[in-house]
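The values are calculated or read from the model by the stated rules, or taken from the named source; none is laboratory data. Quantities reported herein were computed from a predicted structural model and do not represent experimental measurements. FYI the Cβ positions are ideal-geometry reconstructions off the backbone, even for glycines, and counts take in every protein chain you see.
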Amino acid sequence: MKFLAARRRSPLVASALLIGALATVGGGYAVIAAVQPAQAAITVGSETQVEAGRQLYLEGCSSCHGLEAQGTQSGPTLIGVGAAAVDFQVSSGRMPLAAPGAQAPAVAATYNEEQVAALAAFVATLGPGPAIPTASDVDTTDADLATGGVLFRTNCAQCHNFAGRGGALSDGKYAPSLMESSPKTIYMAMLTGPQSMPVFSDTQLDTQDKQDIIAYVMDLQTAPSPGGLSLGRLGDPVEDIGATALFLAGDACNFVNGEVVHGDGGQHVAGPVLNPGKFG
C-alpha cells in the first residue's frame, strides 16, 4: 500500500495525467471547431433564405395579407398555412393574385423556383403547417391503382369529373382539370385544400392513400381513347350527340318526294325509301 501511495504522489504520474487530460480536452475542442462551421453555414443559409422570402413577401404579398401576414379584408392570414400552401399557390401562378375574382386561375408563375422556396421558408416560420412533400411522399412505385380509383371516385370525382377533366362549381368557381398536374401538385392540393377544395389531412387520407390517388390520376393522364376522339371524356350523352352531329353533317340528306337527295343535289337513291309525311 505504501508503494502505491508513493506512486500516486510521484511527480511523473501527475504530469502524465495532466498531459493526458489536456490532450483529451484539446481533441474535443478540435472536433467541436470542425463541426461548428458547418452547422453555422447551414443556419446562416436558412436565415438568408428566410430573410429573402420576407423581403419578397413585403414587396408582393403584404398589401393583401398584411405586413405581419395576419390577413386583411383583401386576403386571409398566412399564419399556420405552411410551406406547402405557399408552394402550391405561388408556383402555379395563382398567387400573387392579379385581380379579385371568384377564383384564382393557374397562370404563368411570377416567381422562379428559388424565390418560391424562399417565400415558402418565410411563411413556414410564422406557424406550424403542412410541409412541402418530399420525393418519397410522392413516389408511386408501390401505389395500388385500383384502390386509387376507388378513393378518387369517392373523394374527388364529384368536382374534378370521373376522368379528372374538371368541372363547374357554384358562384363562378370551378374544379380545374388534373390532366397536366404533377404528383407534387396533387399531393400539395390534398394536403392544403386550396380555394373550394377540402383539406385531406393524413388522418383522412394517409400518405399511402394519397400515393394511390396520384397513381390513378397519372394513369388517367395517359389513358388512350379507343374510340378516337375523347370528346372531353364527358360521358355517353355527349359522345352520342357528337357522333350524331358528325354523321348528319357528313352525309346530310333531304327527303323529297320519297327520294334521298344528298347535299350535292344528286339523287343517288330513287323510289319511296321513306315516307316524307312522317317527317312533317
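Structure data summary
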quantity: Pairs, first on the phi > 0 side of the Ramachandran plot and of a type in the set (D, E, K, R) in segment 162-191, second exposed (fewer than 14 other Cβ atoms within 10 Å of the Cβ) and assigned to a loop (DSSP other than H, G, I, E, B), C-beta under 8 Å, six or more apart; calculated: Asp171/Ala102
quantity: Lone qualifier among Cys159, Cys64 - being in contact with a strand residue (DSSP E or B) (Cβ under 7 Å, 6 or more places away or on another chain), of a type outside the set (D, E, K, R) and within 27 Å of Leu178 (Cα to Cα); calculated: Cys159
quantity: Top-ranked residue of segment 138-161 - restricted to ones that are touching a helix residue (DSSP H, G or I) at 6+ places or on another chain (Cβ under 6 Å) and not small (Gly, Ala, Ser), ranked as nearest to Val107 (Cα to Cα); calculated: Val138
quantity: Complete set of residues in segment 102-124 that are out of contact with any helix residue (DSSP H, G or I) (no Cβ under 8 Å at 6 or more places or on another chain) and free of Cβ contacts under 8 Å to residues at least 40 places away in the same chain; calculated: Pro105, Val107, Ala108, Asn112, Glu114
quantity: Every residue from segment 135-168 that is among the acidic types (Asp, Glu) and under 15 Å from the mean Cα position of the chain (by Cα); calculated: Asp137, Asp139
quantity: Among (1) modelled with pLDDT of 95 or more; (2) in contact with a helix residue (DSSP H, G or I) (Cβ under 6 Å, 6 or more places away or on another chain); (3) among the aliphatic types (A, V, I, L, M); (4) outside any helix (DSSP H, G or I), the one test that Ile79 misses; calculated: (2)
quantity: Where a residue in segment 52-81 is within 16 Å of Ala99 (Cα to Cα) and its partner, wherever it lies, is of a type outside the set (Gly, Ala, Ser) and outside any helix (DSSP H, G or I), with Cβ under 6 Å and at least six apart; calculated: Gly60/Pro96; His65/Leu78
